[in-house]
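What follows is a single structure, written as structure tokens, with notes after it.
The values are calculated or read from the model by the stated rules, or taken from the named source; none is laboratory data. Model, not experiment: these values are computed from the prediction. Please note: Cβ atoms are built from the backbone with ideal geometry, for glycine as well, and neighbour counts cover all protein chains shown. Please note that ligands, DNA and RNA were not included when accessible areas were found on the heavy atoms of the full protein model with its side chains. Shrake-Rupley method; radii C 1.70, N 1.55, O 1.52, S 1.80 Å.
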Amino acid sequence: MSETNSFLKEIIKTSNDIWTKGWAERNAGNISVRLDTEELHCNFNNKSPWQKLSRQLPGIGGDYFLVSGTGKYIRNIPVDPEASLGIIEVDKSGENYRTVWGYKDGGRPTSELAAHLQAHSVRKNMTNGRDRALIHTHPANLIALTYALELDTCSLTRLLWEMHAECIVVFPEGVEFLPWMMAGSDQIADATAEAFRKRNMVVWQYHGIFATGDDLDTAFGLIDTVEKAAEIHIKVMSLGGCKQKPSIDTLRAIAANFGKVPAPDIIDRLV
Ligand code: 2HA
Ligand code: ZN
């Protein structure tokens with residue numbers, strides 16, 4: 001596998017960006033991309049034994065994914081992609097997976113593999129195969145909001161939409177808020193995948209965010225926009241609080257101006 005391979009180039013760029021942003025301390029965060037099999041011209045001759053997935057996912061049966069490794073540092077992906085990353089193959093039935101490339105020091109896929117694969121299965125189906133990329137990171141301003149405020153999907157989305165006038169254009173679907181659940185559990189994987197039926201971002205209380213998109217740039221851009229709005233909110237509060245903000249009508253008008261339809265289950269509840 002050569003680093004000139006387009007998907008390796010893309011994940012190396014995104015990993016650099018995530019590290020530079022400070023969203024991935026130590027082994028924090030994980031990344032996955034459903035690969036275009038047309039792009040996979042390599043002969044995989046180092047296949048691991050099949051391992052059972054915690055949920056059967058026939059919708060991604062036969063698919064290949066580039067997945068960051070458990071315990072690996074996102075900042076080291078550009079330095080040593082073959083140790084930090086792997087490519088896994090899901091069998092035709094969607095019951096098992098095996099590693100076909102990477103994790104060269106005997107590593108394994110991310111501890112959040114269940115959330116990634118279940119979310120990929122949902123997004124592939126919902127977007128007719130368009131969405132291929134998933135990023136999970138730990139952006140500090142957003143996480144801080146989940147401690148300082150009592151949040152749900154509506155109140156968090158509203159706050160973010162209000163804190164930067166571009167937000168409703170960038171993520172009209174809103175951001176799903178999940179109360180704390182154990183990281184790496186089937187419970188949080190199920191809830192995250194379910195949330196991706198409606199949204200393209202899911203916030204985990206006290207922990208971080210998951211975002212999806214057609215490519216890594218898109219998923220990264222979503223998180224960047226959310227984190228910027230969270231940072232503005234914190235700056236506003238440190239300046240003494242909000243003196244004025246866009247009304248719900250103004251938010252609707254901004255969305256309409258860019259041909260976007262805000263999630264009705266959120267905007268219709270805001271007054
Ligand atoms: O991979 O971020 O949620 C480390 C994590 C787990
Ligand atoms: Zn995490």
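What number of residues within the stretch 151-186 are open to solvent by 40 Å² or more (accessible area, probe 1.4 Å), assigned to a helix (DSSP H, G or I) and in contact (Cβ under 8 Å) with a residue 24 or more places away in the chain?
Our first condition is that a residue be open to solvent by 40 Å² or more (accessible area, probe 1.4 Å); within the stretch 151-186, this holds for 152, 155, 158, 164-166, 170, 173, 179-180, 182-183, 186.
Narrowing the set further to residues that are assigned to a helix (DSSP H, G or I) leaves 155, 158, 170, 186.
Remaining after also requiring in contact (Cβ under 8 Å) with a residue 24 or more places away in the chain: 158, 170, 186.
Residues that pass the stated criteria total 3.
Anything in the stretch 71-88 that is free of Cβ contacts under 8 Å to residues at least 40 places away in the same chain and acidic (Asp, Glu)? List them, or say none.
Answer for the stretch 71-88, where residues must be free of Cβ contacts under 8 Å to residues at least 40 places away in the same chain and acidic (Asp, Glu): just ASP80.
Looking at GLY62, is it touching a strand residue (DSSP E or B) at 6+ places or on another chain (Cβ under 9 Å), within 16 Å of ligand 1 (Cβ to nearest atom) and part of a loop (DSSP other than H, G, I, E, B)?
no
Out of the residues in the stretch 187-217 that are polar (S, T, N, Q) and outside any loop (DSSP other than H, G, I, E, B), state the one that is farthest from GLU10 (Cα to Cα).
So the residue we want is GLN187.
Identify all residues within the stretch 202-218 that are away from ligand 1 (no atom under 15 Å from the Cβ) and buried (at least 24 other Cβ atoms within 10 Å of the Cβ); write none if there are none.
If we filter the stretch 202-218 for residues that are away from ligand 1 (no atom under 15 Å from the Cβ), which is where we start, we get 212-218.
Across the stretch 202-218, the qualifying residues are THR212, LEU216.
If a residue must be surrounded by fewer than 23 Cβ atoms within 10 Å (Cβ to Cβ), in contact with a Ser or Thr (Cβ under 7 Å, 6 or more places away or on another chain) and not hydrophobic (A, V, I, L, M, F, W, C), how many such residues does the stretch 58-71 contain?
Residues flagged as surrounded by fewer than 23 Cβ atoms within 10 Å (Cβ to Cβ), in contact with a Ser or Thr (Cβ under 7 Å, 6 or more places away or on another chain) and not hydrophobic (A, V, I, L, M, F, W, C) within the stretch 58-71 amount to 5.
Against the conditions (1) of a type outside the set (Lys, Arg); (2) open to solvent by less than 10 Å² (accessible area, probe 1.4 Å); (3) in contact with a Leu (Cβ under 8 Å, 6 or more places away or on another chain), where does PHE196 fall short? Just the number, please.
Here PHE196 meets the rest and fails (3).
Looking at the stretch 106-126, which of its residues are closer than 13 Å to THR212 by Cβ, of a type outside the set (A, V, I, L, M) and either within 13 Å of ligand 1 (Cβ to nearest atom) or surrounded by 15 or more Cβ atoms within 10 Å (Cβ to Cβ) (or both)?
HIS116, GLN118, HIS120, SER121, ARG123, LYS124
Given the criterion open to solvent by less than 40 Å² (accessible area, probe 1.4 Å) and farther than 16 Å from GLU112 by Cβ, identify the matching residue among THR14, THR37.
Result: THR14 is the single residue among THR14, THR37 that is open to solvent by less than 40 Å² (accessible area, probe 1.4 Å) and farther than 16 Å from GLU112 by Cβ.
Taking the condition touching a Gly at 6+ places or on another chain (Cβ under 6 Å), touching a residue at least 12 places away in the same chain (Cβ under 8 Å) and within 16 Å of ligand 1 (Cβ to nearest atom), does ALA191 pass? Outline the logic, then answer.
Numbers: touching a Gly at 6+ places or on another chain (Cβ under 6 Å): no; touching a residue at least 12 places away in the same chain (Cβ under 8 Å): yes; within 16 Å of ligand 1 (Cβ to nearest atom): yes.
So ALA191 does not fit the description; no.
Inspect all residues belonging to the stretch 50-70 and state whether any of them is basic (Lys, Arg), within 28 Å of MET181 (Cβ to Cβ) and over 22 Å from the mean Cα position of the chain (by Cα). Working first, answer last.
Narrowing the stretch 50-70 to residues basic (Lys, Arg): 52, 55.
Of the ones still in play, those that are also within 28 Å of MET181 (Cβ to Cβ) are 52, 55.
When the remaining residues are screened for being over 22 Å from the mean Cα position of the chain (by Cα), the result is 52.
Checked the stretch 50-70: at least one residue is basic (Lys, Arg), within 28 Å of MET181 (Cβ to Cβ) and over 22 Å from the mean Cα position of the chain (by Cα).
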